[in-house]
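Nothing in this text is a laboratory measurement; each read-out follows from the coordinates by a stated rule. Here the structure is a predicted model, which is why all the values come from computation and not from measurement.
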């Protein structure tokens, strides 16, 4: 096998893994943690054997999906700011956060034991999320578009509350309306000099 062949195989394997994780996230959000693994494999366009080679147990797939979705969401903050103004980027990121939390809720039966078994996974995820929110808030403060007195932790807690309420009501539209209220509260009331954010 040539080096190019090996690289092609690795790229193909990574693509299969990414497809499985995307399909799993959608299935968990829609049907919960007990969703059919065969259906996930089929949606990803791979065989069930490929799924089991990558993720020998359902818990392995749930953990990997949780990590993948968290990383993808957090990394999107900087990329959104490259193409959007800070308020638009914050709004889009918050909507993605809601979808992320719905996926997480779909895995809620299995996640507690997984998080307990992997020290630092929960706190590490929270830190990543808080830093992503901080990146978006700081961009808004620098342009005087957003208030400078709201900590990222408060925004994260508010987003979590919105998700709990909307999830209990099974209303994505309600989540959008509540996000609009949260964003309205974050927009600066003046176009003066930005204040440092705590």
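Give the label of the value calculated from the structure for Cα extents along the principal axes in Å, choosing from (i) 52, 34, 34; (ii) 41, 39, 33; (iii) 62, 45, 32. This structure yields the entry labelled (iii).
Based on DSSP H runs of at least 4 residues, each adding -39500 (n - 2.57), what is the mean residue ellipticity at 222 nm of the chain after dividing by all its residues, to the nearest 500 deg cm²/dmol? Mind dumping the intermediate values first?
On the way: 9 runs with 153 residues, N = 198.
Roughly -26000 deg cm²/dmol at 222 nm, from the helical runs in the chain.
Considering only 156, 84, 94, the Gaussian network model of the chain with Cα springs below 10 Å gives its largest mean-square fluctuation to 84.
Among 116, 27, 44, the largest mean-square fluctuation in a Gaussian network model of the chain (Cα springs under 10 Å) belongs to 116.
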